[in-house]
Amino acid sequence: MVKFVRQLQFQLFLLPILAIYSLFTIYPLIKSFFLSFTNFDGYTKIYDFVGLKNYARIFVDDAITSAITYTIFFTFGKAILVTILAIPLALILDQKFLTRNIQRAIFFFPTIPSGLLLAYIWGFILAPIGSGILNTVLREVFNMGPQPWLSDPLLAKLSTIVVATWAVTGWHAVLYLAFLQSIPKDYYEAASIDGANRLQQIRFITIPLLAPAMTVSVMLLLTGGLKVFEIPFALTKGGPGYETYSITQVIVQRGISETQYGLASAMSFVFFLIVLTIAIFQVTVMQRRERDLQ
């Protein structure tokens, strides 16, 4: 009984946090789900129930379907590129050289400024006109004409992925670096005595022991990528056409700009289910991979 009372005292400290979380997360989620079945415009208190009409509109709206396609392409493209680049970068930064702390700070720096600010800066670099910084370099060095980095559908999609990858690779490299430094050096010494070269040590020791870090990194990349807004919006405003519309941008536009709050709520709930499904699938697969590598 004494133990139960003591545990209850500790649980009481969680009540304020639970109340705040319920007020700002659980209640809005439930309210949005309710409003997704209405034609609520976000301003008046008078609205009618429309059933599944809002959900049906999601799959016939060109902007919405394009946003879903682009967001998934952006998310997985960014996750793959960052993972491919961050692990080798972490291995390099783990070496002992004179300026390694400065190098770590340099690679980590792009994650500090706002993503919106970084995207506006990259907008000047990738401007598709002849005076764009990258096009100027290509003209002066390679005698090439201006390239439509942000006005061609495919190049615009790839440009947003490259900018997003550049912005977060350093952060994920530091994440992998933290796990690298927790690997006992005895493993490498024993492998070296057995005749294993550096590549074999990375393959059979480093990569398997980085599996937990990869699970965390990929989960953050997938959930963050699905919620992307600022980088595509600042670079292309969703263009050309609907090619780089993100799901969050369409939700904001439909709900606030076009006062279709019921439709935006339906989109938000579908988006929530997509993120939840991908996150559960990813964590399940990656944790199974961790067990297989152990």
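Just one of the numbered conditions (1) of a type outside the set (Val, Ile, Thr); (2) without any contact (Cβ under 8 Å) to a residue 60 or more places away in the chain; (3) not in a loop (DSSP other than H, G, I, E, B) is not true of Gly195: (3). Among residues that are touching a Phe, Trp or Tyr at 6+ places or on another chain (Cβ under 6 Å) and touching a residue at least 40 places away in the same chain (Cβ under 8 Å), Thr71 is not included. Selection of first residues in the range 77-99 that are assigned to a loop (DSSP other than H, G, I, E, B) and surrounded by fewer than 16 Cβ atoms within 10 Å (Cβ to Cβ) and of second residues that are among the charged types (D, E, K, R) and modelled with pLDDT of 90 or more, restricted to Cβ pairs under 9 Å at least 6 apart or on distinct chains, gives an empty result.
To keep it simple, each residue is scored yes or no on (1) in a helix (DSSP H, G or I); (2) buried (at least 16 other Cβ atoms within 10 Å of the Cβ); (3) touching a Phe, Trp or Tyr at 6+ places or on another chain (Cβ under 7 Å); (4) not aromatic (Phe, Trp, Tyr).
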position	(1), (2), (3), (4)
Leu154	yes, no, no, yes
Thr160	yes, yes, yes, yes
His172	yes, yes, no, yes
Tyr176	yes, yes, no, no
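Sub-7 Å Cβ pairs linking a first residue in the range 209-223 that is over 9 Å from Ala279 (Cα atoms) to a second residue that is open to solvent by 50 Å² or more (accessible area, probe 1.4 Å) and part of a helix (DSSP H, G or I), at least 6 apart or interchain, are Leu210/Phe179; Ala211/Arg289; Ala211/Leu293; Pro212/Phe179; Ala213/Phe179; Thr215/Gln287, ordered by first then second residue. The residues in the range 178-199 that are touching a helix residue (DSSP H, G or I) at 6+ places or on another chain (Cβ under 7 Å) and either open to solvent by 70 Å² or more (accessible area, probe 1.4 Å) or among the charged types (D, E, K, R) (or both) can be counted, and the count is 1. Tell me yes or no: at least one residue of the range 51-63 is part of a helix (DSSP H, G or I), of a type in the set (Phe, Trp, Tyr) and open to solvent by 60 Å² or more (accessible area, probe 1.4 Å). No, that holds for no residue. Does at least one position in the range 240-254 carry a residue that is small (Gly, Ala, Ser), closer than 17 Å to Ser36 by Cβ, open to solvent by 30 Å² or more (accessible area, probe 1.4 Å) and in contact (Cβ under 8 Å) with a residue 60 or more places away in the chain? No, there is no match, as no residue in the range 240-254 is small (Gly, Ala, Ser), closer than 17 Å to Ser36 by Cβ, open to solvent by 30 Å² or more (accessible area, probe 1.4 Å) and in contact (Cβ under 8 Å) with a residue 60 or more places away in the chain. Ser257 meets all of the listed conditions (1) under 29 Å from Lys31 (Cα atoms); (2) open to solvent by less than 30 Å² (accessible area, probe 1.4 Å) but one, namely (2). Count of the range 28-41 residues, restricted to those that are within 16 Å of Glu258 (Cβ to Cβ) and touching a Leu at 6+ places or on another chain (Cβ under 9 Å), is 2.
The values are calculated or read from the model by the stated rules, or taken from the named source; none is laboratory data. Quick caveat: nothing in here was measured; it's all calculated off a predicted structure. Note: ideal-geometry Cβ built from the backbone for every residue, glycine included; neighbour counts use all protein chains shown. For accessibility, only protein heavy atoms count, side chains too; no ligands or nucleic acids. Shrake-Rupley method; radii C 1.70, N 1.55, O 1.52, S 1.80 Å.
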